[in-house]
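Enquirer: This structure is in structure tokens; I'll ask about it shortly.
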């Protein structure tokens, strides 16, 4: 088709789509007219962002702050990314630190949701502290003014779904959480009856604590930027599924915790977040082990000059260094077999008998022999050992 006929045909599509109110078709037609495919499946004009990032709390004796995470905080980068991509300012709510009180959160969320319309996408994001009441199995995100005496003033995950179900007029919801027990979003979603399409990616399982580092949110930010390291299948597209797999691997390797992913009601896991930008050597970003004085240490490859690799060690404060190929090997985590009888350590350094139910990439999903499944969890290498 010639450029002229392409332009005329595209104009007809745009006129028809505009008249019918088919925004998705307009967006794709514009991209096709430019001679390429759409960079992402989400449309800025139809996207609403509700983001909460809290690194300090009114009661620091109860909820420890994250001072090391303030500089270069990725929650800000995430919000600024959506602004730069054209999401209208009145469709973004970002509550940060002292501004994220329970009153402010529970006022601003329904206000934002009530302005949405059919076909819109909601992106919900939280970073900070999370909590889990094992007796009620209720999960919470910790607002700035939460205290330790009464969970009634915590931001419950069940209330988040209530607000979305009651006030959101769109069709798709993407839930993202970077905190302890964030998998509680998925637990709640699984038991909800809803007509909305949901996808949820979290930094941790519902019974597990989470790191104070930005590893999960950084993985999300890289995915939205079209980082080639996220594109494991090499199709030059970063999908939601690509992001979830990348975050899962990064969290397991760096933080030894299990990121979770779940979709409901036909939310497409292949939703395109971004087109890949630039090129990357296939070795860059690889998870490896480096031999030093007879011991193997986890590291990521940062650079290569074809004769050496520059690596950053995962543990310790060692500076990145150049190593020879014979000094590295692929990551080889020690694994227990399914059904293995093991001992697992809790936060107070006490060991309990447990059985391995699942095993993946250095992590083990265990069930305690003398406790109910309520306490099943994923554990890293420093918390598990053979029983005998």
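Enquirer: Please give the length that would be gained between residue 83 and residue 167 if that part of the chain were fully extended, namely 0.36 nm times their separation in residues minus their C-alpha to C-alpha distance (nm, one decimal). Spell out each step's value before the answer.
Expert: On the way: separation 84, 0.36 × 84 = 30.24 nm, distance 2.33 nm.
Going from the current span to full extension adds 27.9 nm.
Enquirer: Return a whole-number percent for the relative contact order of the chain, with Cα pairs under 8 Å and 6 or more residues apart as the contact set.
Expert: Values: 761 pairs, mean separation 42.2, N = 388.
Rounded, it is 11 percent for the chain.
Enquirer: Under a point spin-label approximation (7 Å from Cα along Cα-to-Cβ), what is the residue 64-residue 264 distance to one decimal in nm?
Expert: 3.3
Enquirer: Can you show me the helix-derived [θ] at 222 nm for the chain, built from DSSP H runs with n ≥ 4 at -39,500 (n - 2.57) apiece and divided by the number of residues, rounded to the nearest 500.
Expert: Calculated from helices alone, the mean residue ellipticity at 222 nm is -7500 deg cm²/dmol.
Enquirer: Per 10 Å bin, what percent of the C-alpha pairs of the range 341-386 does each bin hold, from zero upward?
Expert: 30, 62, 8
Enquirer: May I ask you to work out the translational diffusion coefficient for the range 138-254 at 10 °C, viscosity 1.306 mPa s, via Stokes-Einstein with Rh from the Kirkwood sum over Cα pairs, reported in whole µm²/s?
Expert: On the way: Rh = 15.6 Å.
D = 102 µm²/s.
Enquirer: Same structure again: Tell me, what is the percent relative contact order of the range 99-242, built from C-alpha pairs under 8 Å that lie six or more residues apart? Working shown, then result.
Expert: Numbers: 221 pairs, mean separation 31.8, N = 144.
Here the relative contact order equals 22 percent.
Enquirer: Follow-up question, since we're still on this one. Specify the residue with the greatest mean-square fluctuation among 252, 359, 199, computed from a Gaussian network of the chain linking alpha-carbon atoms under 10 Å apart.
Expert: Looking only at 252, 359, 199, the largest GNM fluctuation is found for 359.
Enquirer: Given the Cα-Cα distance of residue 371 and residue 347 and 0.36 nm per residue of separation, how much length would full extension add, in nm? Write down the numbers at each step before the final one.
Expert: Details: separation 24, 0.36 × 24 = 8.64 nm, distance 1.64 nm.
Between residue 371 and residue 347, full extension yields an extra 7.0 nm.
Enquirer: In angstroms, what radius of gyration and Dmax does the range 57-144 have, counting Cα atoms only?
Expert: For the range 57-144, the Cα-based Rg and Dmax read 15.0, 44 Å.
Enquirer: Okay, moving on. Contour minus end-to-end for residue 283 and residue 337, with contour as 0.36 nm per residue of separation and end-to-end as the Cα-Cα distance?
Expert: Values: separation 54, 0.36 × 54 = 19.44 nm, distance 2.97 nm.
Difference between extended and current length: 16.5 nm.
Enquirer: Still on this structure, please answer the following. Rank these for me by crowding, 319, 373, going from fewest to most other beta carbons within 10 Å.
Expert: Details: 319 6, 373 9.
Lowest count first: 319, 373.
Enquirer: Report, for the chain, the % of DSSP beta bridges that are antiparallel, rounded to 5. Write out the running numbers ahead of the final one.
Expert: Values: 48 of 73 bridges.
Antiparallel: roughly 65 percent of the beta bridges in the chain.
Enquirer: For a label point 7 angstrom out from the Cα of residue 117 toward its Cβ, which stretches of the range 75-99 have the backbone nitrogen within less than 19 Å?
Expert: 86-93
Enquirer: Right, next: Using Cα-Cα distances under 8 Å and only pairs 6 or more residues apart, what relative contact order does the range 158-282 have, in percent? Could the numbers behind the result be given before it?
Expert: Details: 221 pairs, mean separation 35.1, N = 125.
28 percent.
Enquirer: Once you compute Rg and the Kirkwood Rh from C-alpha atoms, what is the Rg to Rh ratio for the range 197-331? Walk me through the numbers before you get to the answer.
Expert: On the way: Rg = 16.1 Å, Rh = 16.0 Å.
Ratio of gyration radius to Kirkwood radius: 1.01.
Enquirer: Could you sort the peptides 188-194, 108-114 by per-residue average Cβ neighbour count (10 Å cutoff), highest mean leading?
Expert: Top of the packing list down: 108-114, 188-194.
Enquirer: Using the Kirkwood radius over Cα pairs, work out the Stokes-Einstein diffusion coefficient for the range 295-388 at 37 °C and 0.692 mPa s, in µm²/s as a whole number.
Expert: Rounded, D is 213 µm²/s.
All of the numbers you see were taken from the coordinates with simple rules; none came from a lab. No experiment lies behind these values; they were computed from the predicted model shown. Backbone-built Cβ (ideal geometry, glycine too); neighbour counts: all protein chains shown.
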